[in-house]
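Notes to accompany the following structure.
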Amino acid sequence: MGITQQAAAPGITEIVVDAPPVNALTVRGWFDLADAVTAAGRDPGTRVVVLRAEGRGFNAGVDIKEMQRTEGFEALLGANRGCYAAFAAVYECEVPVIAAVHGFCLGGGIGLVGNADIIIASDDATFGLPEVNQGALGAATHLARLVPQHLMRAMVYTARTATAAQLHAFGSVHTVVPRERLREAALEVAGQIAEKDPLVIRRAKESLNGIDPVDVKRSYRFEQGFTFELNLAGAGDEHRDAFVSGER
């Protein structure tokens, strides 16, 4: 359990998140994920990374229970820095990253897939940002890479989710497949990339990041500032305590 990686096929590194019950990552988990993605991209033998998860869903964001049982703001600050590191690692990975998404993809999960190069989703996958329900903000930067602007705003304000089929219609999800075929479909696309000249693919990744209209790292950091403000105002603890107690 935790974060593991393996060679799934020549040139393909598979990174798997397995953190029961819902793949909500601890502070250490976010940094471990960042380290794994960065190391995979730096490995000259890696031509493409497949990021997927085991269990009920792809990712449920940060471990709120860890945050609430930790005195002071240490866990909050750690989670913010850990998420920032993991999202940046996916974006800056020296090779393309394919996110294979099943079940729920929430909060921090949106940060991961929004910064991935390609998304393959199972037909039961849903995507959303429940942050406002928890007195926080963040990852709208990444949601805006998945859905149109006005839908993104509605999803942030209402915490509603979007389906894999909807994201496929927008063009942000590459392929939607039955859940039992998710890994196979992701590895199939990864295999197509792994066949290309690795030097060209690495320069392609670098060049595509260079022409992005939004600096995702700076944009996300701006959002995080409002989460800190909400915590100082007391809203963060209030909503997280309600979540942990089962009131929400």
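If R0 equals 30 Å, the separation of the Cβ atoms of residue 211 and residue 160 corresponds to a calculated FRET efficiency of about 0.45. Of the residues 32, 197, 63, the one that moves most in a GNM of the chain with alpha-carbon contacts below 10 Å is 197.
For the chain, a crude dipole built from +1 on the beta carbon of Lys and Arg and -1 on the beta carbon of Asp and Glu, taken about the Cα centre, is about 380 debye to the nearest 20. If you sort the three axes of the alpha carbon gyration tensor as a ≥ b ≥ c, you get a/c of 1.5 or more for the range 84-191 and a/b no higher than b/c, which makes it oblate. Would you mind pulling out the separation of the Cα centroids of the range 73-88 and the range 1-17, in Å? Cα centroid to Cα centroid, the span is 23 Å.
Model label sites at residue 124 and residue 81, defined 7 Å from Cα along the beta-carbon direction, differ in position by 3.7 nm. How long are the three semi-axes of the equivalent ellipsoid for the chain, computed from the Cα gyration tensor as the root of 5 times each eigenvalue, in whole Å, largest first? In descending order, the three semi-axes are 29, 18, 18 Å.
Over the C-alpha trace of the range 126-248, radius of gyration and Dmax come out as 18.3, 53 angstrom. By DSSP, the beta bridges lying fully in the chain are antiparallel in about 30 percent of cases.
By per-residue mean of other Cβ atoms within 10 Å, what is the highest-first order of 9-19, 210-220? Kindly include the intermediate steps, with their values, before the conclusion.
Numbers: 9-19: 19.3, 210-220: 12.0.
Ranked from most to least packed, the peptides come out as 9-19, 210-220.
Fully extending the segment from residue 196 to residue 43, taken as 0.36 nm per residue of separation minus the present Cα-Cα distance, adds 53.4 nm.
Entry note, the range 95-235: relative contact order of 29 percent, from Cα contacts under 8 Å with a spacing of 6+ residues. Based on C-alpha pairs under 8 angstrom that are at least 6 apart in sequence, the chain has a relative contact order of 20 percent. Taking Cα atoms only, the orientation of helix 198-210 departs from the longest principal axis of the chain by about 40 degrees. Full extension of the segment from residue 221 to residue 238, taken as 0.36 nm per residue of separation minus the current Cα-Cα distance, would add 3.8 nm. In this structure, the amide hydrogen of residue 50, modeled 1.01 Å from its nitrogen in the peptide plane, lies closer than 5 angstrom to those of 13, 14, 15, 98, counting only residues at least 5 positions away or on a different chain.
Computing FRET efficiency as 1/(1 + (r/R0)^6) for residue 7 and residue 133, where r is the C-beta to C-beta distance and R0 is 45 Å, gives about 0.70.
Which value, in Å³ per residue, describes the convex hull spanned by the Cα atoms of the range 132-204?
On the way: hull volume 9.7 nm³, N = 73.
Hull volume over Cα atoms, normalised by residue count, gives 133 Å³.
Shape call for the range 25-122 from the C-alpha gyration tensor, a ≥ b ≥ c root eigenvalues: rounded (a/c under 1.5), prolate (a/b greater than b/c) or oblate? Please report the intermediate quantities before stating the final value.
Values: a/c = 2.49, a/b = 1.47, b/c = 1.70.
Oblate shape, in that a/c is at least 1.5 and b/c is the bigger or equal ratio.
Read-outs: derived from the displayed coordinates by stated rules, not from any lab. Values in this document were obtained by computation on a predicted structure and should not be read as measured data. Heads up, the Cβs are rebuilt from the backbone with ideal geometry, glycines too, and the neighbour counts pull from every protein chain shown.
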